[in-house]
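Following: one structure in structure tokens, then a few remarks.
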Amino acid sequence: MTRTMRACVRLAVGGLLLLGAGWCPGCKKPPARQVESPSLENEKPTGPRPNIIIFSIDTLRPDHLGCYGYGRDTSPHIDAFAREGALFENAVSASSWTLPAHASLFTGVACSVHGCTNTDRRLHDKYYTLAERLRDAGYATVGFFSGPYLHPVFGLDQGFDQYIDCTSYAGLMKASAEKTGTVEGQKIWEAMDRDITNPRVLAAVRKWLAGNEHKPFFMFVHMWDVHFDFIPPPPFDKKFDPDYHGDITGERFFFNPKINKNMPRRDLEHIIALYDGEIAWTDMHFGKIIDDLRTRGLLDSSVVIVTADHGTAFFEHGLKGHRNTLFDELIRIPLIVRFPRRIPAGMRIVQQARTVDILPTVLDLADFMPPRLMGQSLAPLFAGRKTDRDDPAISELDTWGHHFESFRRLNRKIIWDLSVDRGVVFDLKHDPTEHVAVQNKRSPVVRACIRDLKFSRGLLKRFRERYPRSPKISDLPDKLFRKLESLGYVGGAEQSPASSAPSP
Ligand SMILES: [Zn+2]
């Protein structure tokens, strides 16, 4: 093997991709279309491998957390957690809804690259997910999901030894998957909106931890209840608006026509108070899991991350919910990392962070070589150093007739509507709520945004050429579903530890 070829192998094993050329310049031919060699290059660990624990709190807006400056006491446990680690003040999601955002979290690439952008798609098996990387490195891997768009039919279970369904409607999802090949539709939406999952998640996590303390593990915990409907159990239902006597409730938030942009301000305030109640309800359960980790002596030896997949809108730009635009109320997310071995307590980091940065950051903190995907390791920031790149945050939406992409930096942002091939630019320094589009096409902020757009589209193009796009579920062989069933995934509520969870 020549020196050049050896260098190529090292690049492939370590996951390094030469973005500009797409292959090693010393090779005569580009490599076959593939994602990465399924192995990790281990650097010498400086100590025992840490456990990796990622909390993804669905629909959680950072500006509704105390540690991000919110006035209400929604998040005492997350706030305490943040005081012990590093908080990213400007974190941005890859999308504004659950499925593509989580696919980017697990793969480290943008949504239009992995292509798992709608419920008719299944993440391509060739992606070397975070769970697969850690499983191959000897970790026990477990995922807990509590919403429909993380169902294994979408392929997000890749690499998890156990992938535990914490919803109450697993049977409904099974029926949907059998009939339509996917998990989507009115019955699923109504079930997911009504579901209260935090106690099931807590019980399932506790049960798993009780038998798996001794091997390094990767645990992914998806917490759903902040997502609408906004129906927190007592006392959280009255915690932030006890004096409301109107007739608006948080039920059927998305489908209730009375909840519209012209609704009385007082009623909208009540809806937001219920959303805040859901955050407090979820924060309490998050705190109990953290307490459990601390009691077992696992907390300080683990990399623990709190983040979200997207935010939600309360008519800031005329719409409610999410999965419909890429304004900041939908794509800004919390990101907090706690790991005392490497991260000083109380850090606040201004540099923009992105969903796709989480995978390389996690591997870096666990002393593995971080792969060079679309994100970058944020670990140098914890040591007071700079990261090697400062690319724009790319967010994308391609669902329900919405086709948007946005390219965001700290002080500027361009949102492009691909349906009409037209964009708007916002000067976030002077217009942080994105209400006054910059009109002067020759202004420096517009020019800079166009540069961001061109750079990012070039990056996306190179990755799309190299990485496989997730197939349509309908194009997959029937055996896929039978495989899921044989693994015990489908109908998981009857089989998972979550089924025995106590009610609130
Ligand atoms: Zn979500």
Tabulated pairs, segment 303-321, first more than 11 Å from Val226 (Cβ to Cβ) and open to solvent by 10 Å² or more (accessible area, probe 1.4 Å), second within 16 Å of the ligand (Cβ to nearest atom) and among the small types (Gly, Ala, Ser), C-beta under 6 angstrom, 6+ apart or interchain:
Leu319/Ala313; Lys320/Ala313
In the list Asn440, Asn411, which residue meets the criterion of being in contact with a Lys or Arg (Cβ under 7 Å, 6 or more places away or on another chain) and open to solvent by 40 Å² or more (accessible area, probe 1.4 Å)?
Asn411
How about segment 42-101: which of its residues are in a loop (DSSP other than H, G, I, E, B), away from the ligand (no atom under 15 Å from the Cβ) and basic (Lys, Arg)?
Lys44, Arg49, Arg72
Pick out the one residue from Thr182, Thr197, Thr167 that is of a type in the set (S, T, N, Q) and surrounded by fewer than 24 Cβ atoms within 10 Å (Cβ to Cβ).
Thr182
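Condition check: part of a loop (DSSP other than H, G, I, E, B), within 16 Å of the ligand (Cβ to nearest atom) and open to solvent by 30 Å² or more (accessible area, probe 1.4 Å). Does Phe228 satisfy that? Quick ask: steps written out before the conclusion?
Details: part of a loop (DSSP other than H, G, I, E, B): yes; within 16 Å of the ligand (Cβ to nearest atom): yes; open to solvent by 30 Å² or more (accessible area, probe 1.4 Å): no.
In short, no.
Looking at segment 365-388, which of its residues are outside any loop (DSSP other than H, G, I, E, B) and open to solvent by less than 30 Å² (accessible area, probe 1.4 Å)? Break it down into steps so the answer makes sense when it comes.
Let us first name the residues in segment 365-388 that are outside any loop (DSSP other than H, G, I, E, B), namely 365, 368, 372, 379-382.
Leu365, Phe368, Ala379, Pro380, Leu381, Phe382 - these are the residues of segment 365-388 that are outside any loop (DSSP other than H, G, I, E, B) and open to solvent by less than 30 Å² (accessible area, probe 1.4 Å).
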Out of Asp398, Asp391, I need the residue that is in a loop (DSSP other than H, G, I, E, B) and in contact (Cβ under 8 Å) with a residue 40 or more places away in the chain. Which one?
Asp391
Restrict the check to segment 277-288 and report whether at least one residue is more than 16 Å from the ligand (Cβ to nearest atom), out of contact with any Ser or Thr (no Cβ under 9 Å at 6 or more places or on another chain), assigned to a helix (DSSP H, G or I) and closer than 21 Å to Leu150 by Cα.
yes
Which of the residues belonging to segment 245-273 are out of contact with any strand residue (DSSP E or B) (no Cβ under 8 Å at 6 or more places or on another chain), assigned to a loop (DSSP other than H, G, I, E, B) and buried (at least 16 other Cβ atoms within 10 Å of the Cβ)?
Ile248, Thr249, Gly250, Arg252, Asn256, Met263
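Please go through segment 102-120 and pick out each residue that is within 16 Å of the ligand (Cβ to nearest atom) and either farther than 22 Å from Asp63 by Cα or not in a helix (DSSP H, G or I) (or both).
Residues of segment 102-120 within 16 Å of the ligand (Cβ to nearest atom): 102-106, 111, 116-119.
Hits for segment 102-120 are Ala103, Ser104, Phe106, Cys111, Cys116, Thr117, Asn118, Thr119.
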With the condition kept exactly as written, say whether any residue in segment 342-355 is within 16 Å of the ligand (Cβ to nearest atom) and not acidic (Asp, Glu).
yes
Starting from segment 99-116, take each residue that is closer than 16 Å to Ile305 by Cα and list its partners that are more than 14 Å from the ligand (Cβ to nearest atom) and polar (S, T, N, Q), counting only C-beta distances under 8 angstrom and pairs at least six apart or across chains.
Phe106/Thr129; Phe106/Gln158
Screening Ser104, Ser146, Ser168, Ser93 for residues that are farther than 23 Å from Arg469 by Cβ and within 16 Å of the chain's Cα centre (by Cα) leaves only Ser146
Reported set for segment 337-377 where residues are among the acidic types (Asp, Glu) and touching an Asp or Glu at 6+ places or on another chain (Cβ under 7 Å) is Asp367
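The values are calculated or read from the model by the stated rules, or taken from the named source; none is laboratory data. These numbers were taken from a predicted model, which means no experiment stands behind them. As a convention, Cβ positions derive from the backbone with ideal geometry for all residues, glycine included, and neighbour counts pool all protein chains shown. Ligands, DNA and RNA are excluded from the accessible area calculation, which covers all protein heavy atoms including side chains. Shrake-Rupley method; radii C 1.70, N 1.55, O 1.52, S 1.80 Å.
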